Amino acid sequence: MAVEKLTSIKVNINTAMSEELTRLKGIGPALAKRIINYRKNKGEFNSLEEIKKVSGIGKKLFSSIKSNITNEIQEVNLKQLDEEESPSSSGSSSDLSLVEDAKDDQEDNIDNLNQYQVPESYGSNKLVLQVKNPKTAHLYWEYTNDKVEEVIAQTEYSDISEVNLVLKIYNLSKKSEQYINIGLDNDSWWLNGMEADQTYFAELGFLDEDDNFYSILESNKVTMPVNKISDNLDEKWMTVKEKMDEIYVLSGSLLYQNENNNYSSKDVVRKLESITDLSKLEESYSSDNLLDGSSEIQ
């Protein structure tokens with residue numbers, strides 16, 4: 001049946017032009033141009049893995065687009081279905097109906113995927129430094145190819161794959177710094193062994209052969225928390241005794257009972273509703289005190 005030939009639509013990396021390549025998540029105009037130039041200079045991609053030889057396509061990006069690309073002519077696409085399964089075709093009307101239903105379902109799935117899937121990147125340039133605890137912080141980043149090319153243009157290199165990507169961590173309190181090699185496939189990093197009550201700042205960039213550092217992104221500044229209980233006291237917080245007094249009155253669990261009176265929970269609740277500011281209570285009151293009015297509420 002014609003439906004059996006229906007396959008998911010993939011971008012053919014051997015024939016796709018810039019507009020089609022940029023539909024892939026993580027592929028911008030600059031990277032699409034490199035793919036096309038690679039094809040012109042090296043010939044067709046003999047395997048999907050070969051696209052990783054294009055500058056800027058690492059393991060992570062390749063993994064995210066692998067299921068959406070092909071280097072072979074696909075058996076069928078939606079346009080071909082319209083042509084091959086037209087009324088002049090030899091297929092039965094029931095086959096044509098199944099094909100149309102399958103096409104509609106596939107288009108719906110593609111729309112839902114594009115609408116609800118969290119993108120691999122947002123096309124921004126940022127390096128964010130976050131505090132986890134007094135000795136641990138976390139960095140995450142995103143950069144565009146245009147930003148990297150802008151910095152690389154200031155050096156003797158021609159591509160990011162030729163450089164050593166690093167994080168430069170500054171301890172502004174001690175005026176010290178250190179480098180961490182991170183590679184091209186990472187987009188986040190945990191920083192352990194930080195010092196409490198110290199201010200830090202980070203940059204993402206690369207080192208040349210003479211150990212000159214070129215900055216691509218700069219982070220925000222953070223001050224690590226003090227690793228001890230605070231010496232500051234806040235008078236607005238109630239003491240344990242005051243809190244227990246409030247709970248005691250609000251609970252309504254101590255119902256008074258004697259020869260002349262039988263008080264229900266409802267009676268106690270009604271009396272409690274007349275109290276407008278329980279936080280000012282200076283002593284404890286029983287249900288009996290509240291009900292017979294023998295104690296005056298402050």
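Here is the list for the range 6-64: trypsin sites (Lys or Arg not before Pro) lying in DSSP coil, each with at most 13 other C-beta atoms within 10 angstrom of its C-beta, are Arg23. Fully extending the segment from Asn41 to Tyr122, taken as 0.36 nm per residue of separation minus the present Cα-Cα distance, adds 26.1 nm.
What pairs in Lys147/Lys175; Lys132/Lys221; Lys33/Lys126; Lys126/Lys175; Lys10/Lys147 have C-alpha atoms more than 20 Å from each other? Over 20 Å apart, Cα to Cα: Lys147/Lys175; Lys33/Lys126; Lys126/Lys175; Lys10/Lys147. Karplus-based coupling profile of the range 179-188, in residue order and whole Hz: 10, 10, 6, 10, x, 8, 8, 9, 10, 7, with θ = phi - 60° in 6.51 cos²θ - 1.76 cosθ + 1.60 and x standing for Gly or Pro.
Using the Cβ-Cβ distance between Lys53 and Ser176 with R0 set to 35 Å, the FRET efficiency works out to roughly 0.30.
Here, each number is a calculation from the coordinates, and none is a lab measurement. Keep in mind the model is a prediction, meaning the values are calculated, not measured. With ideal geometry, Cβ positions are generated from the backbone for all residues, glycine too; neighbour counts draw on all protein chains shown.
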